[in-house]
Amino acid sequence: MNGGRRRAIGLVLLAVVLAVGCTFAGRWQWGRHVTVDAEIAVVKANYSAPAVPIASVLPHLDTPLPDARVWTRVSLTGHYLTGATVLLRNRPVNSQSAFHVLVPFQLDPTDGAAGPVLVVDRGWIPQSSTEESPSAAPTPPSGHVTITVHLRQQEPVSTRSAPPGQVQTIAVRQVLDAGGVAADVQAYDVFGGLDTETPAPATPLAALPAPSTDPGPHLSYAFQWWTFALGALIGFGRMALREARGEGPVPGARTAPAPRRVPASVARRGPSAEDEEDALIDAQLGR
C-alpha cells in the first residue's frame with residue numbers, strides 16, 4: 001500500500017471518529033431540549049391554574065407527586081408551626097445569596113385527629129456576607145390561616161452538616177427534625193412554595209421567583225453539533241479522496257515556494273571589477 005492510500009485511510013478514520021463524537025454530542029443536547037421543553041409545558045399548564053384542594057392531587061400522605069402535577073396550585077387551611085421554622089442554606093435567588101424560610105403548616109383536624117403537616121417555603125431573606133445565619137426571620141401570620149402553594153417534589157436527603165435550625169436541602173424529614181417536630185407527626189412527602197396567605201403577615205418575605213420558561217440554547221447546540229459532524233465527513237472525505245488518487249494537497253493549500261534558479265551564464269561569470277576593488281581595499285585596511 002502506497003503512502004497516499006495510507007494517508008487516505010487515516011483521514012477517513014479521523015472523519016468517522018469526529019462525526020460519531022459530534023453526533024452523540026448533538027443527541028445529548030437534543031435530549032436536554034426535550035426534557036426542558038416538557039418541564040416548561042408542565043409549568044405553563046399548572047403554575048397559574050386555579051387552586052384545587054390538596055386531597056384532589058395527593059389523596060394519601062405518601063402518594064408521590066407525579067411529574068405532570070408539579071407546580072399545581074393547591075389550597076389549605078390550618079396554622080403555621082412557627083416554632084419549627086427552619087432556614088434553607090445556600091439557595092441563591094436571582095444570583096443573590098439567600099436563606100429560604102421553611103415553616104411547617106398543619107392542616108385543620110379531620111375526624112377529631114390532628115391534621116397532617118406540609119412543609120412550606122414561605123419566601124427568602126438576603127444572606128449577609130458577615131453572618132452565618134440571620135438574626136431573625138419574619139414570622140408568618142398567627143392563628144387560622146388559608147394559604148395557596150405550588151406543590152413541589154421534595155429534594156434528596158443531604159449528607160452535609162448545617163448549623164442548628166438550618167438545612168441544606170428541602171428533604172421533608174430533615175426539615176421537620178431540624179425544626180424539632182415530633183417524629184410521630186404525619187407529613188406529606190412533598191413541599192409547597194408559597195403563593196398567597198390570608199391574613200397577610202405583618203412583615204412579608206421576598207416572594208419566590210416564578211419558574212423559568214426559557215428553553216435555553218440546547219436545540220441550536222444540537223444542530224450545531226450535527227453540522228460539525230457533516231462537515232467532518234465532507235471535508236476529510238474530500239482530502240482522503242485526493243490522497244487516494246495521488247492528486248496531492250487540496251487546491252488552495254499553501255505550499256513552499258520553489259527555489260530560484262540561477263542562470264548558467266551568471267553562474268559561470270566571475271567576480272565583477274567592483275567586487276575585486278572592494279576586496280583589495282578590505283585587505284589593505286586589514287594590514
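Going residue by residue through region 51-69, is there one that turns out to be assigned to a strand (DSSP E or B) and surrounded by fewer than 20 Cβ atoms within 10 Å (Cβ to Cβ)?
Narrowing region 51-69 to residues assigned to a strand (DSSP E or B): 52-53.
Retained after the next criterion (residues that are surrounded by fewer than 20 Cβ atoms within 10 Å (Cβ to Cβ)): 52-53.
Yes: region 51-69 contains one or more residues that are assigned to a strand (DSSP E or B) and surrounded by fewer than 20 Cβ atoms within 10 Å (Cβ to Cβ).
Within this structure, Thr23 passes the test of being assigned to a helix (DSSP H, G or I) and touching a residue at least 60 places away in the same chain (Cβ under 8 Å). When Thr196, Thr227, Thr213 are checked against the criterion of being under 30 Å from Gly115 (Cα atoms) and among the β-branched types (Val, Ile, Thr), a single residue qualifies: Thr196. Here Trp30 does not fit the description of being in contact (Cβ under 8 Å) with a residue 24 or more places away in the chain and assigned by TED's automatic domain parsing to the domain that holds Phe191. Out of Leu230, Leu176, Leu194, one residue alone is aliphatic (A, V, I, L, M) and either over 29 Å from Val43 (Cα atoms) or assigned to a loop (DSSP other than H, G, I, E, B) (or both). It is Leu230. Please determine, by comparing only the residues of region 186-236 that are among the β-branched types (Val, Ile, Thr) and without any contact (Cβ under 8 Å) to a residue 12 or more places away in the chain, which one is nearest to Thr169 (Cα to Cα). So, considering only residues that are among the β-branched types (Val, Ile, Thr) and without any contact (Cβ under 8 Å) to a residue 12 or more places away in the chain, the one nearest to Thr169 (Cα to Cα) is Thr227.
One residue alone among Asp189, Asp121 is on the phi < 0 side of the Ramachandran plot and in contact with a His (Cβ under 6 Å, 6 or more places away or on another chain), and that residue is Asp121.
The values are calculated or read from the model by the stated rules, or taken from the named source; none is laboratory data. Quick caveat: nothing in here was measured; it's all calculated off a predicted structure. FYI the Cβ positions are ideal-geometry reconstructions off the backbone, even for glycines, and counts take in every protein chain you see.
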